[in-house]
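Student: Got a structure here, written out as structure tokens. Questions coming.
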Amino acid sequence: MSEWKEYKFSNIGKIVTGKTPRTAISDNYGGKIPFLSPSDDMQTKYVPITARCLTEKGLSEVKNCLIPSNSICVSCIGSDMGKSVITKEPIVTNQQINSIIPSNEFDSNFIYYVMQSKRKEIRFMGGNGTAVPILNKTAFSNLTFFAPSLFDQRRIASILSSLDDKIAVNRRICENLEAQAQALFKHWFIDFAPYKNRKFVESELGIIPLSEISEQITDGVHNSVKDEPNSNYMLLSCKNIVGGVLSKNSYRSISKSTFESLRLRTKLAKGDVLLSSVGTIGEIAIVEEEPINYEFQRSVAIVKPKKTIGTYFLYNALLASKARLQHAAHGAVQQCLFIGDLKKFEVIYSDTEKASRYNETVKPLFEEIANLHQENLRLSSLRDTLLPKLMSGEIKV
């Protein structure tokens, strides 16, 4: 293996801080050039579909900030600080993102994993714990890292990329399976009834309060709790529900007694449906395994379906109502949905027999989704274990 050398971020290539066009939104946005900001989903390896795209006129205002493909964009502000993505096509970012356009001495994929390994350091340098942490271009440019030869950079990146690629494939399969379940829900409960007397017939849309198809609707802890360092019991929040999946990458550690006290109230169990009810409203996930060591903060509502209704019907009924859930939220400073609101919230419904039949029909789809989610957790854990060892040269390639 080649000798590792120390570099600054400024040694990698050109660093560009993004910029937001100043003129009228109608003139600048609605085009085809992706405009990336930290509010876009920077959870995956490559630039996601951005909420906004620039027109050619918008680009003309910030043409010096156009980032080519195979560059690395890093968020340098707020709670998203340190998140990074690789560009697949030319894009523009806002001023809260610093981008690196690597020279020929560095592999883009390797630099992406450098950023992944440096995320905690980037957050610390940006003043983690302050009201709005921020890392300016100068401080960002002076951060250091070690790298081997270009040949070994590519070998290291290939190992880590193979894991990320498999995770991405599994995610696409899950999205496809869930789309099938949603399409079937729409067909059965919104467009047409599946059948009556073995014939397809039109049906009227029915609605029912959520409380009538739920055993219990509650939320997480209300009072303050103490952290318990090194405990195996976790306190999660709405931020742990990402893209319909429950993530445990960040959490507070709590004592066993606190966990047991919370469990007595929530009765959290496999098959419950989780709903973010504070801040970002309407993120929904299923508790796919026995929740033996985690509970939730108040920002997560826990909806326990009646056995005669089933988890998958309840999940899709809420998913079909996501826009209305978001509209029902209130609060001047922070949007929220109270438990009382949720109990009265009306969802699509026909009858128990039909809901149960739908639940059994899509059950194999959701079981496969759960299996793929678990595989992705294992792959993510393996990647995160290998990352620091490969990026430090501890593991030889």
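Read the figures in this text as sums done on the coordinates, not as results from a lab. All of these numbers come straight from a predicted model, not from anything done at the bench. Using ideal geometry, Cβ is built from the backbone for each residue, glycine included, and neighbour counts are taken over all protein chains shown.
Student: With a cut-off of at most 13 other beta carbons within 10 Å, and DSSP calling the residue loop, which GluC sites (Glu not before Pro) in segment 1-76 qualify? Please list them.
Tutor: Passing both the DSSP loop test and the Cβ count: GLU3.
Student: Contact order normalised by length for segment 5-147, with contacts defined as Cα pairs under 8 Å and 6 or more residues apart; what percent is it?
Tutor: Numbers: 310 pairs, mean separation 45.9, N = 143.
It rounds to 32 percent for segment 5-147.
Student: Continuing with the same structure: Once the piece of chain linking LYS343 and ALA320 is laid out straight, how much longer is it, given 0.36 nm per residue of separation minus the C-alpha distance between them?
Tutor: Working: separation 23, 0.36 × 23 = 8.28 nm, distance 1.67 nm.
Result: 6.6 nm gained on full extension.
Student: Going down the table (LYS186/LYS363; LYS118/LYS396; LYS120/LYS248; LYS32/LYS57; LYS88/LYS389), which pairs top 23 Å between alpha carbons?
Tutor: Too far apart for the 23 Å limit: LYS88/LYS389.
Student: Out of ARG265, ARG171, ARG252, any idea which swings most in a Gaussian network model of the chain, alpha carbons joined below 10 Å?
Tutor: ARG265
Student: Per the helix-only calculation at 222 nm, which mean residue ellipticity applies to the chain, given -39500 (n - 2.57) for every DSSP H run of n ≥ 4 and division by its residues, nearest 500 deg cm²/dmol?
Tutor: Values: 12 runs with 148 residues, N = 397.
Taking each H run of at least 4 residues, the total per residue is -11500 deg cm²/dmol.
Student: Here's a follow-up. I'd like the orientation of helix 108-117 relative to the chain: the angle between its Cα long axis and the longest Cα principal axis, in ° from 0 to 90, rounded to 10.
Tutor: The two axes meet at around 70 degrees.
Student: Quick one: if the Förster radius is 51 Å, what FRET efficiency do LYS306 and ILE395 give, using the C-beta to C-beta distance and rounding to 0.05?
Tutor: 0.50
Student: Starting from segment 361-397, pick out the GluC sites (Glu not before Pro) whose DSSP state is loop and whose Cβ has at most 11 other Cβ atoms within 10 Å.
Tutor: Filter output for segment 361-397: GLU394.
Student: Please state the relative contact order of the chain as a whole percent: Cα pairs under 8 Å, 6+ residues apart?
Tutor: Result for the chain is 16 percent.
Student: A further question follows. Among GLN326, GLN334, GLN297, which one shows the highest mean-square fluctuation when the chain is modelled as a Gaussian network with alpha-carbon springs under 10 Å?
Tutor: GLN334
Student: Quick one: if you stick a label point 7 Å off each Cα along the C-beta vector at ARG119 and LYS363, how many nm between them?
Tutor: Here the answer is 3.7 nm between the modelled labels.
Student: Using label points projected 7 Å from each Cα along Cα→Cβ, tell me how many nm separate ASN371 and SER257, to one decimal.
Tutor: 4.4 nm
Student: So between ALA183 and GLU212, what do we pick up on full extension, going 0.36 nm a residue minus the alpha carbon distance?
Tutor: Once the chain is fully extended between ALA183 and GLU212, it gains 8.0 nm.
Student: Mind checking which of ASN64, ASN170, ASN223 has the largest fluctuation in a GNM of the chain, springs on alpha carbons under 10 Å?
Tutor: Taking springs between Cα atoms under 10 Å, the residue moving most is ASN223.
Student: For segment 97-104, just list the computed ³J(HN,Hα) in residue order, Karplus coefficients 6.51, -1.76 and 1.60, θ = phi - 60°, integers in Hz, with x standing in for Gly and Pro.
Tutor: 10, 9, 10, 10, 9, x, 7, 5
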